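Following: one structure in structure tokens, then a few remarks.
The values are calculated or read from the model by the stated rules, or taken from the named source; none is laboratory data. This structure is a prediction, so every number in the text was calculated from the model and none was measured. All Cβ positions, even for glycine, are placed from backbone atoms using ideal geometry, and neighbour counts span all protein chains on display. When the accessible area is computed, the model is the full protein with side chains, heavy atoms only, and any ligands, DNA or RNA have been set aside. Shrake-Rupley method; radii C 1.70, N 1.55, O 1.52, S 1.80 Å.
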Amino acid sequence: MRCFKVKKVFICVWIVVLCITCTLKNVHAEDLNLAPNSASCLLMEATSRQILYSKKEKEKMFPASTTKIMTMILLFESIHDGRLKWDEELTCSAYAASMGGSQVYLEEGEQMSVHDLFKAISIASANDACVMVGERIAGTNDNFVKMMNEKAKKLKLVNTHFMNATGGGVTASGGEAILQAEFVRDWFRACKKEGIHTCLDTNGFVRHYDQIIDELIDVTDLVLLDLKQLNDNIHKNLIGVSNKRTLEFAQYLQKRGTKTWIRYVVVPGYTDFDDDIHKLGQFVAPMENVEKIELLPYHRLGAHKWETMGEEYQLKDVQPPSKESLEHIKEILQSYGLEVKY
């Protein structure tokens, strides 16, 4: 009798298991869509290194983060070999200071320790810090890129090739790049085919909105838009033309949802009045496509060019803004919920 009960329980459990098994549907990795918004991805089990899921994992992309990781690997090796020390102070070159994109806004001649540069690279993904470290380790940025590719070969990264130390792309600047809109469009199209990030640096002085302008913005990943002054009277006096077309272009980018960084040059006595800063904040605040405002402090590095041409430099008596002034402007703009850097 006892044996019969055990068999009965066993049969019941077995029937339940069969029922559950029959209702389960086999799910294959290729049927999943784990990362619908990614261009490519790979999921690996760490211990066995078994690939659990992948999508276009061998397609060549333009991964800035991988570039920063390789920069840090070479930095660690230099520390380990004694060729570099954490407390060593490095000096920012003109080339490093010229880097766009993510940065910590180092100026030419400014010094920073290797330890702090490492934090800037790992936390802020700072392009200027990457170039400073690369120039110190290899002498020049080009030599550092060669070191990166040599290291990639040693690590058997057969689908990886570095073109620079920052992972950045190309920027069409000026003069005014939009004056050659058709050429820049074709150039950006070619870059996009190669997976290269595209950036348009412009003051937005567009006279006619036509198909070429639309197609140019279609292949533009980031717009750096220079807003010189929101007060039109001061803008005319400072630049020689109205700011009307620039503001219209900003609104055009807003409607299209194009990622934009606003750049505002702070010139004491011309663009640092509280009322005008408030106007800037009010204008930009509703624009969800604007990621941040970059305050660019006026400097006198170009004054000698005027002297060379025999022209009078009309801002010769203007001094660069103080840190206190920049902080004040930053606080005003932040009061409108905007991210502000300088």
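Table for the structure above
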{"item": "Qualifying residue in the range 164-173 (condition: open to solvent by 10 Å² or more (accessible area, probe 1.4 Å) and not in a loop (DSSP other than H, G, I, E, B))", "result": "yes"}
{"item": "Count of the range 190-222 residues which are closer than 22 Å to residue 276 by Cβ and touching a strand residue (DSSP E or B) at 6+ places or on another chain (Cβ under 6 Å)", "result": "2"}
{"item": "Test: residue in the range 132-140 that is polar (S, T, N, Q), closer than 14 Å to residue 68 by Cβ and at pLDDT 85 or above", "result": "no"}
{"item": "The range 290-342, subset of a type in the set (Phe, Trp, Tyr) and farther than 22 Å from residue 98 by Cα, residue least open to solvent (accessible area, probe 1.4 Å)", "result": "313"}
{"item": "Sole exception among (1) over 29 Å from residue 292 (Cβ atoms); (2) among the aromatic types (Phe, Trp, Tyr); (3) outside any loop (DSSP other than H, G, I, E, B) for residue 95, by number", "result": "(1)"}
{"item": "Test result for residue 238, open to solvent by 40 Å² or more (accessible area, probe 1.4 Å) and touching a Phe, Trp or Tyr at 6+ places or on another chain (Cβ under 6 Å)", "result": "yes"}
{"item": "Checking residue 58 against (1) open to solvent by 90 Å² or more (accessible area, probe 1.4 Å); (2) under 30 Å from residue 39 (Cα atoms); (3) without any contact (Cβ under 8 Å) to a residue 60 or more places away in the chain, the condition it does not meet", "result": "(3)"}
{"item": "Long-range neighbours under 6 Å by Cβ, at least six apart or interchain, first residue within 15 Å of residue 342 (Cβ to Cβ) within the range 91-103, second of a type in the set (D, E, K, R) and modelled with pLDDT of 75 or more", "result": "97/107; 97/108; 103/128"}
{"item": "Test result for residue 147, open to solvent by 30 Å² or more (accessible area, probe 1.4 Å) and touching a residue at least 24 places away in the same chain (Cβ under 8 Å)", "result": "yes"}
{"item": "Condition met for residue 220 (farther than 19 Å from residue 298 by Cβ, among the β-branched types (Val, Ile, Thr) and open to solvent by 60 Å² or more (accessible area, probe 1.4 Å))", "result": "no"}
{"item": "Residue count, the range 275-289 (criterion: of a type outside the set (D, E, K, R), farther than 17 Å from residue 229 by Cα and open to solvent by 50 Å² or more (accessible area, probe 1.4 Å))", "result": "1"}
{"item": "Qualifying residues in the range 183-205 (those that are farther than 30 Å from residue 160 by Cβ and buried (at least 19 other Cβ atoms within 10 Å of the Cβ)) - the one nearest to the chain's Cα centre (by Cα)", "result": "202"}
{"item": "When residues of the range 281-306 are limited to those that are charged (D, E, K, R) and not in a strand (DSSP E or B), the one farthest from the chain's Cα centre (by Cα)", "result": "305"}
{"item": "Odd one out for residue 156 among (1) open to solvent by less than 50 Å² (accessible area, probe 1.4 Å); (2) on the phi > 0 side of the Ramachandran plot", "result": "(1)"}
{"item": "Of all residues in the range 248-272 being assigned to a helix (DSSP H, G or I) and over 15 Å from residue 293 (Cβ atoms), the one that is least open to solvent (accessible area, probe 1.4 Å)", "result": "249"}
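Residue by residue, here is whether (1) touching a Cys at 6+ places or on another chain (Cβ under 9 Å); (2) at pLDDT 75 or above; (3) surrounded by 10 or more Cβ atoms within 10 Å (Cβ to Cβ) holds:
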| residue | (1), (2), (3) |
| --- | --- |
| 21 | no, no, no |
| 25 | no, no, no |
| 35 | yes, yes, yes |
| 42 | no, yes, yes |
| 46 | no, yes, no |
| 62 | no, no, yes |
| 68 | yes, yes, yes |
| 73 | no, yes, yes |
| 79 | no, yes, yes |
